[in-house]
1. Suppose we filter the stretch 51-90 for residues that are exposed (fewer than 10 other Cβ atoms within 10 Å of the Cβ) and of a type in the set (S, T, N, Q); how many remain?
2. Could you list, ordered by first residue, the pairs with Cβ atoms under 6 Å in which the first is in the stretch 1-13 and within 7 Å of T67 (Cα to Cα) and the second is open to solvent by less than 60 Å² (accessible area, probe 1.4 Å) and modelled with pLDDT of 90 or more, at least 6 apart or interchain?
3. Looking at K4, K23, can you tell me which residue is under 26 Å from Q139 (Cα atoms) and surrounded by fewer than 16 Cβ atoms within 10 Å (Cβ to Cβ)?
4. From the list A147, A160, which residue is aliphatic (A, V, I, L, M), open to solvent by less than 50 Å² (accessible area, probe 1.4 Å), assigned to a helix (DSSP H, G or I) and within 16 Å of T65 (Cα to Cα)?
5. Every residue in the stretch 163-186 that is surrounded by 14 or more Cβ atoms within 10 Å (Cβ to Cβ), free of Cβ contacts under 8 Å to residues at least 40 places away in the same chain and part of a helix (DSSP H, G or I), please.
6. Just to be sure I understand the filter: pairs with C-beta atoms under 9 Å, separated by 6 or more residues or on different chains, first member in the stretch 70-82 and among the hydroxyl-bearing types (S, T, Y), second member open to solvent by 100 Å² or more (accessible area, probe 1.4 Å). Which pairs pass?
7. Kindly establish whether I48 is open to solvent by less than 50 Å² (accessible area, probe 1.4 Å), over 20 Å from A153 (Cα atoms) and not acidic (D, E).
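The values are calculated or read from the model by the stated rules, or taken from the named source; none is laboratory data. These figures come from a predicted structure and were not determined experimentally. Backbone-built Cβ (ideal geometry, glycine too); neighbour counts: all protein chains shown. Only protein heavy atoms, including side chains, enter the accessible area calculation; ligands, DNA and RNA are left aside. Shrake-Rupley method; radii C 1.70, N 1.55, O 1.52, S 1.80 Å.
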Amino acid sequence: MSDKVQFQTNVPVEVALKYGDGKEVNGQYGDQVLYTLTDGRVMYVPPIVKRRIEELGIGRGELFTLTKAEKKNGTRRTIEWVVAAGERGDRQPQERLQPPNGQRPAQQRNGAVVPANGNGHRASSANDTKGFLVTSHGQLLLQSMAAAVDVAAATERYAAASGVELQFTSDDLREIGLRIYETGLK
């Protein structure tokens, strides 16, 4: 069974939908919408979140932030779901990057443009590490490093919201990623 996203109050979670729409289900807490995410996890959210995703035009594969925010009104506390579309252009889904002349777009990775071949995949070069990324260890390392970046970004956002200045270095990210990788090998 897929891992389920556990939303903690006032902690933003960055997600990307595997499919464009969710499945409406009746859950433990009433009507909910089930989404499958690109990282293999699933999330259950109230229907208001689905409406907000549609209003913002968030497509499959596009990263966005979802926060289960607690609001205080006197002594009463309520939950408000905050949906924020991704801020950087390189996080848009591939379908929205199609140029008007019908050519395949260059894919962007962390701000760098990577040429695409006719089927939309990155063009290979002579110095590629062929084969490594298709192994289970290669995939685990790639996922571990991506998770380190995601964890650091979420932690920096949380710290900023709490009034704390925090910034991770590339060395910090490498250390976090390698520790995640080592844990996954055990």
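1. Of the residues in that region, 3 qualify.
2. What qualifies is N10/A69; P12/T65; P12/T67; V13/L66.
3. Sole residue among the options that is under 26 Å from Q139 (Cα atoms) and surrounded by fewer than 16 Cβ atoms within 10 Å (Cβ to Cβ): K4.
4. A147 is the lone residue from the list that is aliphatic (A, V, I, L, M), open to solvent by less than 50 Å² (accessible area, probe 1.4 Å), assigned to a helix (DSSP H, G or I) and within 16 Å of T65 (Cα to Cα).
5. L173, I176, G177, L178, I180
6. Hits for this filter: T78/K72.
7. For I48, the condition - open to solvent by less than 50 Å² (accessible area, probe 1.4 Å), over 20 Å from A153 (Cα atoms) and not acidic (D, E) - is not met.
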